[in-house]
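The values are calculated or read from the model by the stated rules, or taken from the named source; none is laboratory data. Since we're looking at a predicted model, the values are computed, not measured. Here Cβ is always computed from backbone atoms with ideal geometry, including for glycine, and neighbour counts include all displayed protein chains. Heads up: the accessible areas ignore ligands, DNA and RNA and are worked out on the full protein's heavy atoms, side chains in. Shrake-Rupley method; radii C 1.70, N 1.55, O 1.52, S 1.80 Å.
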Amino acid sequence: MALGARFSDNPTFDAINRRRRGDQYAERSRKLLDLTDISVTTIQAAILLGTVCFSDSQTKSESLYYSIALRLALILDLPNRQCDDQVERQVNLRIWWSLYMIDIWSSAGLNLPRQLDFIETSPLPTSEEYFLSLRSGASGAMIADNRPGLWSEMVILARIWARIHHLNKASVNSMIDYQTLTVSVHSLAQELRDWSSNLHPSLQETSENLERYNSLGLGNAFAALHLGYHYYNEVLFYQFLARNPDPTCASASIEQYRAQCDAHALAFCNLLYRCRETNKQQCQYVMIGHMLVVTSTIYIHMLLFSEEEERIKLARQRLAQNFEILTELQTFWVTLDVALSRLQVFHNACTRSIDESFRMDQWMLKFILEHGTSVVERPMDGDSPGALRNWFLRTFD
């Protein structure tokens, strides 16, 4: 209820701002949390409370709750815990690997060390269709359906995402030279392409699969998988948007990387728009805001540097559409105030120096990866929704 009440149209909530409708439930949950109860239920509660804090930009509390959940999962040895049946086993695996992905995102977002590594011997979750077909008491010995599902593919993709984080940090901190960087980028890009091309046909990004997962109530999970894929590619190639990132690098390679960054920004929005056209309630989760802000800065790059009129027109249209989505999300999530102000701050950086605005340095690294921290710059008119809308209209309309 703490997370879902904001989406309710029940008259009970009419007098309460959507973003604050879950407060009473979150407070009650915090009071009920018993850290002496070393159980899977406590892990689940800590994850949910961490997510509530994340959605309200309470980053320190978010990290604390997630850390509690991670430590409890390690204490219980969750992926190897003795289970009564296959339902319990699969729930434990989904929690374990959810924590693995949370650890990557949350740690990067707050620039903190990670707590959980990828463990090769820990089995990945089974397919969602098989999981949903399980009934309590099902044998815990063998899985009849070994096909990878959405959750397991997210985990595999997140492992690559963690290495993209590491590469960008190493590059900014001058821990690797430019040649090593481009070799690593090429290798990671190939891994991402291989992941996409090797997906089971039922998991590939098609309209038919989107419709099928929508019918199963898993449309958001399907969208998250493929939006993540495009976003990870964007971040991998992002630093090549800068003018002359390194004079020793062949211009053809730079242009190829820039083109791939643009292509995945286009694909990200294509999928997001299609999901929202199919079901307006889709893709309203918090992290969409951060990913869409970073994606929008790639459209700002198109707007500033493209010499093709059609491309400039497209960039302008998509910036407007993305801003509308962001302001809509802002009515649900407090943390979207931060996401939108980051977009404004980025534009301010562009007005000061177009040539330097896309250079991958500590400021840019913080902007892209540390979604849980503020990017300090000069805001234009304060951070109210109305002021942000006025800024956008003056800038891009």
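Over region 42-144, the alpha carbon radius of gyration divided by the compact-protein estimate 2.2 N^0.38 Å works out to 1.15.
Neighbours of S136, meaning other residues whose beta-carbon lies under 9 angstrom from its beta-carbon, give a summed charge of -2 when Lys and Arg score +1 and Asp and Glu score -1.
F7 sits among other residues whose Cβ lies under 10 Å from its own Cβ, and their net charge, with Lys and Arg +1 and Asp and Glu -1, is +2.
Projecting label points 7 angstrom from Cα along Cα→Cβ for Q82 and T373 puts them 4.5 nm apart. Answer with one residue from Y273, Y285, L3: the one whose Cα lies farthest towards the positive end of the charge dipole of the chain, charges on Cβ with Lys, Arg +1 and Asp, Glu -1. After comparing all options, I get L3.
Taking all protein chains together and a 1.4 Å probe, the residues F305, F346 rank F305, F346 from largest to smallest accessible area.
Computed from Cα positions, the angle between helix 309-330 and the longest principal axis of the chain comes to roughly 40 degrees. Solvent-free Debye calculation, one equal scatterer per alpha-carbon of the chain: log10 I(q)/I(0) at 0.11, 0.13, 0.15 Å⁻¹ equals -0.86, -1.22, -1.61. Rounded to the nearest 20 debye, the dipole size of region 62-199 about its Cα centre is 220 debye, using +1 on the Cβ of Lys and Arg and -1 on the Cβ of Asp and Glu. Counted residue by residue at 0.36 nm each, then reduced by the alpha carbon distance between them, the extension gain from E356 to L132 reaches 75.6 nm. Helix 287-305 and the longest principal axis of the C-alpha atoms of the chain enclose an angle of approximately 20°.
Using the Cβ atoms and a cut-off under 13 Å, what net charge is assigned to the surroundings of G22, where Lys and Arg are +1 and Asp and Glu are -1?
+4
Measuring only protein heavy atoms, the 1.4 Å probe finds I298 accessible over about 0 Å².
If R0 is 22 Å, what FRET efficiency do you get for R18 and N279 from their C-beta distance, rounded to 0.05? Rounded to the nearest 0.05, the efficiency is 0.70. Helix 335-352 versus the longest principal axis of the chain: what angle, 0 to 90°, nearest 10, using Cα atoms? The helix 335-352 is inclined about 20 degrees to the chain. Dipole magnitude for the chain: about 660 debye, using +1 per Lys or Arg Cβ and -1 per Asp or Glu Cβ, origin at the Cα centre. Past 31 Å, Cα to Cα: identify those pairs from K313/K366; K60/K313; K31/K366, in the order given. K60/K313; K31/K366, as the Cα separations exceed 31 Å there.
Projecting the Cα atoms of Q204, I38, P125 onto the dipole axis of the chain, where Lys and Arg carry +1 and Asp and Glu carry -1 at the beta carbon, places I38 farthest toward the positive end.
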